[in-house]
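The values are calculated or read from the model by the stated rules, or taken from the named source; none is laboratory data. What you see is a predicted model; the values in this text were computed from it and never measured. Reconstructed Cβ throughout: ideal geometry from the backbone, glycine too, with neighbour counts over all protein chains shown. What goes into the accessible areas is simple: the full protein's heavy atoms, side chains included, and nothing from ligands, DNA or RNA. Shrake-Rupley method; radii C 1.70, N 1.55, O 1.52, S 1.80 Å.
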Amino acid sequence: TMQTLIDNDKRLMLFVHGNGCDTNECPDGILYTYDYFAQTNWNDDTCDVRGNGDASGSSFFLMNHWMNNEETDLPSPTNAEEFNAYDTLDRRFRKCGERNPNIVAVDFWDVGDVLNFVRDRNVRNA
């Protein structure tokens, strides 16, 4: 609960994007995502930054890491088996060079090696 966070002297950052909240309309205490985040494209395996700014100037670098079903354009557990493999995640991270993503968004986090990969990256970066 919020009281538990306060009692334990923990902080919570809230980010939002989408309809109704831009840099001028966010309520106090809620931050507009794209003032702080750069992000990659999804449905590819590059590290190209998607239209909201230069990754080097952002506090957070979000890697959108999924491949939708080509016919339905919906999340695909079959694609996740390949895309969420440790080696695939590692290859994509390497494409980012010096700018390592600090947030990874995936479909089907429980398919593949996402949790092991992220744990290993966190240990390496600590």
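Suppose we filter D73, D90 for residues that are closer than 26 Å to V16 by Cα and either open to solvent by less than 70 Å² (accessible area, probe 1.4 Å) or out of contact with any helix residue (DSSP H, G or I) (no Cβ under 7 Å at 6 or more places or on another chain) (or both); which single one remains? Give the steps one after another, and end with the answer.
Working: D90 fails: closer than 26 Å to V16 by Cα.
Every option except D73 fails the conditions.
What do you reckon, is D107 under 25 Å from F15 (Cα atoms) and in contact with a Pro (Cβ under 8 Å, 6 or more places away or on another chain)? For D107, the condition - under 25 Å from F15 (Cα atoms) and in contact with a Pro (Cβ under 8 Å, 6 or more places away or on another chain) - is met.
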